[in-house]
Amino acid sequence: MPSKQPPTLGSLAVQATPHLVHVSPSTCHNLSMFKDLLKEYRRLDDTITMRLNRSNAQFRDRDRAGTSGKGNIQDQACAYVWKELVENWKRRTEMINYCVDIVDQSMEEKRKSLTSEDGDARAQRKTQAAMFADEVKRNQVHNELAIEKIVRQRSLDAFRSRCQYFSPPLTDSEARKWWDAVHIQESP
């Protein structure tokens, strides 16, 4: 009989990386769903300190078992968490930018429709109302870009407080790009 895995509970459940979700235009137009999805993806950032603690413990256990990698335990744990952070930041940024494009495209289509509707006042009012609703969505989605910068900065501050001597390897261009981008934001 195969052994059944116990359910993930406690802080392990919080630590679980969210599964990949395929975002569709309907996700972008449903602000509640869009924000809930971002909230799920931001959990990694919200639990950064706990994740660093768990990673340190995990790499310390591997070291005791003789299965650790190269470098000291702290460096390995920091590299592992940094990689998770970068992957998550990239997914969220792609999702937000996709939704920005979808909502902007919808607004542009309504604008064109408004100029092509000659004299039908009822249809024009209906299109204008839809444009207003899309403008609200557009502002909300664009606001998520600003929120994303704040979340990233907060996560980086917590990360650097624990991984003071960490620097992503030069061979990892994606991680270096994020590292450099966050450091540029800090400059006065």
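The values are calculated or read from the model by the stated rules, or taken from the named source; none is laboratory data. Every value quoted in this text rests on a predicted model; they were computed, and no experiment measured them. Surface accessibility is based on the protein's heavy atoms, side chains included, excluding ligands, DNA and RNA. Shrake-Rupley method; radii C 1.70, N 1.55, O 1.52, S 1.80 Å.
Expressed as a fraction of 2.2 N^0.38 Å, the rule-of-thumb size for a compact globular protein of N residues, what is the C-alpha radius of gyration of segment 58-188?
1.63
With a 1.4 Å probe and all protein chains left in place, how much accessible area per residue does segment 122-180 have, in Å²?
Heavy-atom accessible area per residue stands at 63 Å².
Once phi is turned into θ = phi - 60°, what whole-Hz ³J(HN,Hα) does the Karplus curve with 6.51, -1.76 and 1.60 give for every residue of segment 140-145, x standing for Gly and Pro?
So the J values, rounded to whole Hz, are 5, 5, 5, 4, 5, 5.
Here is the link list: LYS110/LYS149; LYS39/LYS137; LYS39/LYS177; LYS83/LYS149; LYS35/LYS177. Which ones come out longer than 22 Å on Cα distance?
LYS110/LYS149; LYS39/LYS177; LYS35/LYS177
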